[in-house]
Amino acid sequence: MNDNPTPPRLSLRWQDSLFIYLSPPSLRMLALGFSAGLPLLLVLGTLSFRLREAGIDRATIGFLSWVGLAYGFKWVWAPLVDRLSIPVLTPLLGRRRSWLLLAQVAIVVGLLGMAAANPQDALSPLVGFALLVAFGSATQDIALDAFRIESASARLQAVLAASYQTGYRLAMIWAGAGVFWIAAKAEVGGLPAGTYQDGAWAWAYTVMAISMAVGMATVLFSKEPAAVDLPPAHNLRQWLQVAVLAPFAEFIRRYRWHAVLLLALIGTYRISDIVMGIMANPFYVDMGYSKEEVATVTKLYGVVMTLVGAFVGGVMVLRFGVMRVLMWGAVMSAATNLLFAWLAGHGHDVVALIAVVSADNLSSGIASAAFIAYLSSLTNVQYSATQYALFSSLMLLLPKFLAGFSGVAVDAGGYASFFVGTALLGVPVLLLVWLASRFHALNE
């Protein structure tokens with residue numbers, strides 16, 4: 001599929017770079033990014049606020065963040081998404097769009113289940129539906145990453161990544177600030193401040209489920225990317241070989257021993273942000289910030305700054321190259337965690353919170369745009385879904401596992417020490433980016 005109006009030789013003038021964001025592939029990725037970003041906070045960040053308000057202890061909240069490990073193991077079923085046809089849907093929509101739609105239906109069912117489950121009565125049903133949302137969301141990511149990679153040339157992947165991030169962050173405003181505002185407005189008056197009201201959260205999660213219609217409509221009205229020829233598989237053994245083993249073997253064969261370096265970088269690049277992020281909302285609750293303050297500051301100011309960072313990061317990659325921006329993003333992501341350590345000792349201060357969250361999210365947006373472009377550049381289009389799922393899964397596995405112990409770490413040393421520790425986790429990443437830069441420079 002090639003409906004991109006950009007000429008083959010892309011000008012590096014700023015106005016030309018910015019105009020690319022209005023191309024059809026970029027606008028589609030904006031809407032699909034919204035669909036991808038909506039579930040994440042609802043099973044992680046927003047859910048941690050809901051659980052803390054319901055009286056669930058920090059250690060339990062930390063361990064429940066392992067629901068997010070579904071994103072870290074999506075490479076296991078990525079070969080199915082790459083090759084398996086879905087009866088009825090695939091003949092009608094094509095391979096990528098049929099998987100996207102099926103995953104979105106699973107997300108809607110899971111969100112409605114989370115709306116109906118009260119954590120104060122029993123955590124198990126809520127966790128079960130959260131797992132369904134996470135599984136559906138991870139499957140949507142697999143199909144969407146392949147859809148993005150196959151829809152445009154490698155030259156435009158940074159732009160599509162920025163558009164994807166923009167839609168993703170807009171969804172995070174809605175799934176963060178929006179869900180807090182909806183829950184706050186739905187609360188019954190006359191109760192003591194801080195009283196947990198499950199009915200308000202149930203209505204908020206129901207609205208989030210309805211919001212998935214944005215992504216579903218985009219899938220139905222989009223064009224299927226041009227089919228990529230895949231090696232044939234006539235039996236189970238051949239299928240396992242070409243669908244499961246070949247994508248991984250191809251990556252190792254292409255980069256040889258340098259594959260270890262690249263996989264180490266992928267597995268640790270976002271470690272500071274991810275480990276810190278699980279305790280962010282419990283931190284806001286314990287610091288006495290209200291739903292409205294958290295919604296306005298962290299889910300509005302912060303996400304707007306992430307959007308700015310995503311756009312700036314996409315254009316910076318076009319102008320300066322992905323590795324240089326990758327290094328800048330790694331430095332800023334680790335450094336901004338120190339601001340949260342300062343805030344922990346500063347106390348309840350909305351202005352200070354705005355400054356800290358804005359700086360943190362600006363750096364996160366730049367780093368994310370560069371990192372997605374980098375991951376895309378490592379894939380072979382023959383195995384785009386499986387290889388990208390492997391990379392993005394590795395990005396989450398170690399950080400998500402460590403994040404499960406974040407509540408225990410806060411209980412043991414306090415928030416300030418925890419935030420300093422997450423900043424230090426990012427220091428080895430700088431060395432890995434430098435080594436990877438040297439490798440890519442030598443092979444250009």
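The values are calculated or read from the model by the stated rules, or taken from the named source; none is laboratory data. The model shown is predicted, which means the values in this text are computed figures rather than measured ones. Don't worry about glycine lacking a Cβ; one is built from the backbone with ideal geometry, like all the others, and counts go over all protein chains shown.
Okay, here's what the table says:
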read-out: Any hit, the stretch 273-284, residues being touching a helix residue (DSSP H, G or I) at 6+ places or on another chain (Cβ under 9 Å), buried (at least 19 other Cβ atoms within 10 Å of the Cβ), more than 22 Å from G72 (Cβ to Cβ) and in contact (Cβ under 8 Å) with a residue 60 or more places away in the chain; value: yes
read-out: Failed condition for W328, given (1) aromatic (F, W, Y); (2) at pLDDT 85 or above; (3) surrounded by 23 or more Cβ atoms within 10 Å (Cβ to Cβ); value: (3)
read-out: Output for the stretch 24-56, where each listed residue is in a loop (DSSP other than H, G, I, E, B) and surrounded by fewer than 22 Cβ atoms within 10 Å (Cβ to Cβ); value: A54, G55, I56
read-out: Test set (1) farther than 17 Å from Y164 by Cα; (2) buried (at least 21 other Cβ atoms within 10 Å of the Cβ); (3) small (G, A, S) - A344 fails condition number; value: (2)
read-out: Count of residues meeting criterion [under 30 Å from P247 (Cβ atoms) and either part of a helix (DSSP H, G or I) or without any contact (Cβ under 8 Å) to a residue 12 or more places away in the chain (or both)] in the stretch 57-77; value: 11
read-out: Residue within the stretch 323-333 that is assigned to a helix (DSSP H, G or I) and of a type in the set (S, T, N, Q) present; value: yes
read-out: Members of the stretch 256-272 found to be more than 20 Å from W77 (Cα to Cα) and in contact (Cβ under 8 Å) with a residue 24 or more places away in the chain, listed by number; value: H258, L261, L262, A264, L265, T268, Y269, R270, I271, S272
read-out: Helices (runs of 4 or more DSSP H) (entirely within the stretch 257-302) containing at least 2 residues that are aromatic (F, W, Y); value: 280-286
read-out: Pair list, Cβ under 8 Å, 6 or more apart: the stretch 328-339 residue touching a residue at least 40 places away in the same chain (Cβ under 8 Å), other residue of a type in the set (F, W, Y); value: G329/F371; A330/Y269; N337/F419; L338/F419
read-out: Scope the stretch 78-100; condition part of a helix (DSSP H, G or I), surrounded by fewer than 19 Cβ atoms within 10 Å (Cβ to Cβ) and of a type outside the set (D, E, K, R); matching residues; value: L80, L89, T90, P91, L92
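Conditions (1) surrounded by fewer than 21 Cβ atoms within 10 Å (Cβ to Cβ); (2) at pLDDT below 80, marked per residue:
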position: A154; (1), (2): yes, yes
position: L160; (1), (2): no, yes
position: V179; (1), (2): no, no
position: A184; (1), (2): yes, no
position: Q197; (1), (2): yes, no
position: W203; (1), (2): yes, no
position: G215; (1), (2): no, no
position: A233; (1), (2): yes, yes
